[in-house]
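Input: a single structure, listed below in C-alpha cells.
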Amino acid sequence: MKLMNKTTKIILINIVAIVVILLLLWNPIRHIVKNHPYEYIYFNELAGGIDTAYGNYEMDYYYHSTREASEWVIANAEKSGLETGNKIRVATWHLASVQYFFRKDTADFQVTFSRWYERGNNDWDYAIFTITGIMPEQIKSEHFPPKNTVHTINVDNKPVCIILKRDDKSDLLGFQYKSKNMADSTHYFLSKALEYDPYNESAMMNLIEFYFQTRKVDSAKNWIDKALIFLPKHESANYFLAHYYLVKKEYDQAIQICNKIINDNFKFRGAYHLACNAYLQKNNVKGAEKMLVRMIDANILDEQAIEQLLQIYKAEGLNEAMAYKKFYRVMSK
C-alpha cells in the first residue's frame, strides 16, 4: 500500500510538471503556429508580448518579410496607367533582399533604393518597407501605416512590413520643381500632395524648405508645428524649427533646439553648424568654438567646421600659422 501511494504521488507530480510545462509553452507554440514563417519575432508574454514591444524594439530585423511582400507585389501589381514597355518601379530600403526576390521578374519590375523619410522624393509605383528604421513615435501613431498602404505583413496583428501603392506623384513633382526653383509649380504640387495625405513627411519637409527659400518663414512655422505634433522627434522638422528661431533672432531658442537634436543624434552635423551661427550672432565666440569642438569629439568634423574654427582663432589675434597650431592641439586632445 505504501509503495502504491508513493508511486501515485510520483505519477501525480509528473503529470503536474507536464501540465505546467505545456502551459508555459502554450504562448510560444501559439505564436509559432499563427505567425509562421516569422517565429523569431517573439516577445515573452510576461513582458507584454508583441503589443508592448511593438514600436519599442526591432521586429523583423532580418527582413524576412520582404520575401512575402515581394511575392505579393509580383502577384498583385497593376500595370494599368503605365506606358507600354515601362517597368513597374518598386522602391525599398532593403535593396539586397528585394532585388533577389525580383530576380526572375526583371522584365516587368525595376527595384530602386529609397529611404523611408525620403520616399516622396523618389520615383516609384510600389514600395516595400519593414518598420525597421521608422521612428517609434510614428509606428505607434494613429496615422500608421500611411494612407496609401495596400498590404501589410503582420505578426500578432501588428504590421512589420508594409507595401505602398503610389496613385499620386504630386510629392515627387513638387520636389522636382523645388530643385528647379520653379516656385509656383513647387507650391501647387506640394500642397496637392498634402491634401491627398496630410501626414506625408517628405512633402511637409519640402514645403517647409520652400517657404524658407521664398522668405515666408511664418508659413514655414505653421507646417513645422504640424509636423512636430505628428512626429515630435523628427530631426529635420526640429532643425527647421531651430532655423526659424535663428531667422527670428531668438538665438537661445535656436541653440536649445540644436542641443535637443544633438542629444538624440550626435551625428547630425547641421545642428552643430546652426548652433555655432546662433552663438556668433550673439557675439558669443567661446560658445561657437565649444560647439565646433564638440564636432571633433563626435568624429564628424567637416571642412566648414575647420574653416570656422580657424577664423575664430584668427579673430582672437592669432596669425594663420598659430591658428593652425591651436587647431591641431585641440584635435590631439
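Give the residue that is surrounded by the most Cβ atoms within 10 Å (Cβ to Cβ), with candidates limited to residues of segment 194-252 that are small (G, A, S) and over 17 Å from the mean Cα position of the chain (by Cα).
Top of the filtered list is A242.
Taking the criterion of being surrounded by fewer than 21 Cβ atoms within 10 Å (Cβ to Cβ), under 15 Å from E58 (Cα atoms) and touching a residue at least 12 places away in the same chain (Cβ under 8 Å), would at least one residue in segment 113-133 satisfy it?
yes
Could you figure out which of (1) surrounded by 19 or more Cβ atoms within 10 Å (Cβ to Cβ); (2) more than 15 Å from C161 (Cα to Cα) isn't true of I50?
Going through the list (1) surrounded by 19 or more Cβ atoms within 10 Å (Cβ to Cβ); (2) more than 15 Å from C161 (Cα to Cα), I50 breaks only (2).
Does D156 meet the test of being farther than 24 Å from E45 by Cα and touching a residue at least 24 places away in the same chain (Cβ under 8 Å)?
Taking the combined requirement at face value, the residue does not satisfy it.
Cβ-Cβ under 6 Å, sequence separation 6+ or interchain: first residue in segment 86-100 and free of Cβ contacts under 8 Å to residues at least 60 places away in the same chain, partner part of a loop (DSSP other than H, G, I, E, B) and among the aliphatic types (A, V, I, L, M). Which pairs?
Close Cβ pairs (under 6 Å, with a partner that is part of a loop (DSSP other than H, G, I, E, B) and among the aliphatic types (A, V, I, L, M)) amount to I88/A77.
Looking only at segment 262-300, filter to residues that are outside any helix (DSSP H, G or I) and in contact (Cβ under 8 Å) with a residue 12 or more places away in the chain; which one of those is farthest from the chain's Cα centre (by Cα)?
Out of the qualifying residues, it is K282.
Condition first: of a type in the set (G, A, S) and either surrounded by fewer than 20 Cβ atoms within 10 Å (Cβ to Cβ) or in contact with a Ser or Thr (Cβ under 6 Å, 6 or more places away or on another chain) (or both). Now tell me which residues in segment 253-273 satisfy that.
Scanning segment 253-273 gives a single hit, G270.
So Q99 ticks every box in (1) modelled with pLDDT of 90 or more; (2) of a type in the set (S, T, N, Q); (3) under 28 Å from H31 (Cα atoms) but one. Which box is left unticked?
Tallying (1) modelled with pLDDT of 90 or more; (2) of a type in the set (S, T, N, Q); (3) under 28 Å from H31 (Cα atoms), Q99 fails exactly one: (3).
If you check A278 against the conditions, is it within 22 Å of L301 (Cα to Cα) and touching a helix residue (DSSP H, G or I) at 6+ places or on another chain (Cβ under 7 Å)?
yes
Look at A77 and say whether it is at pLDDT 95 or above, of a type outside the set (K, R) and either under 12 Å from K165 (Cβ atoms) or out of contact with any helix residue (DSSP H, G or I) (no Cβ under 9 Å at 6 or more places or on another chain) (or both).
No.
The values are calculated or read from the model by the stated rules, or taken from the named source; none is laboratory data. Keep in mind the model is a prediction, meaning the values are calculated, not measured. In this analysis, Cβ positions are derived from the backbone assuming ideal geometry, glycine residues included, and neighbour counts consider all displayed protein chains.
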